[in-house]
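Working notes for the structure below.
Since every read-out is calculated from the coordinates, none of them should be taken as a lab result. Bear in mind the structure is a predicted one, so any value in this text is a computation, not a measurement. With ideal geometry, Cβ positions are generated from the backbone for all residues, glycine too; neighbour counts draw on all protein chains shown.
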Amino acid sequence: MKIVVDFDRCESNAVCMGIAPDIFEVRDDNFLYILDENPPDSRRADVEEAVDMCPKAALSIADND
């Protein structure tokens, strides 16, 4: 899987970081950084939760086929 971010929608509110801080990080510059753009499938549940909980619907998952 690959994490996709629509940076035009993202407000860097850090909800995703609260769910998976080893994958998402909002730094002091108030920008979202993806620490692992292609996390292992074992992390899918956390990534899906981050996608679902994003208040601006800025996150999505692209499956690697």
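Data for the structure
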{"read-out": "Subset tally (residues that are of a type in the set (S, T, N, Q) and in contact with a strand residue (DSSP E or B) (Cβ under 6 Å, 6 or more places away or on another chain)) for the stretch 18-51", "value": "1"}
{"read-out": "Scope the stretch 20-65; condition out of contact with any Cys (no Cβ under 8 Å at 6 or more places or on another chain) and basic (Lys, Arg); matching residues", "value": "ARG27, ARG43, ARG44"}
{"read-out": "Any hit, the stretch 29-38, residues being in contact with a Lys or Arg (Cβ under 7 Å, 6 or more places away or on another chain) and aromatic (Phe, Trp, Tyr)", "value": "yes"}
{"read-out": "Residue match in the stretch 26-46 (condition: at positive phi and not aliphatic (A, V, I, L, M))", "value": "yes"}
{"read-out": "In the stretch 16-65, the residues that are under 17 Å from MET1 (Cβ atoms), in contact (Cβ under 8 Å) with a residue 12 or more places away in the chain and of a type in the set (S, T, N, Q)", "value": "ASN38, SER60, ASN64"}
